[in-house]
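Derivation of every value follows stated rules applied to the coordinates shown; laboratory data play no part. This structure is a prediction, so every number in the text was calculated from the model and none was measured. Counting neighbours? That spans all protein chains shown, and the Cβs are built from the backbone with ideal geometry, glycine included.
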């Protein structure tokens, strides 16, 4: 399964979140997915 590690900053904390995605998924979409995963 393909995925990417996305670095996001949430409430001044840095997180590295693995997001399952397609290779051509835009960076902005990955950030949204990463936030969703973080908050779930």
So what is the relative contact order of the chain, in percent, for Cα pairs below 8 Å that sit 6 or more residues apart?
39 percent
Give the label of the value calculated from the structure for Cα extents along the principal axes in Å, choosing from (1) 28, 17, 14; (2) 58, 17, 10; (3) 32, 21, 16.
(1)
Rounded to the nearest 10 degrees, the helix 27-39 long axis (Cα) sits at an angle to the longest Cα principal axis of the chain of 50 degrees
Counting helices only, and only those DSSP H runs with n ≥ 4, report the 222 nm mean residue ellipticity of the chain as the sum of -39,500 (n - 2.57) divided by its residues, in deg cm²/dmol to the nearest 500.
-10500 deg cm²/dmol
Give me the one-decimal nm value for the distance between modelled label points at residue 25 and residue 38, 7 Å along each residue's Cα-to-Cβ direction.
1.5 nm
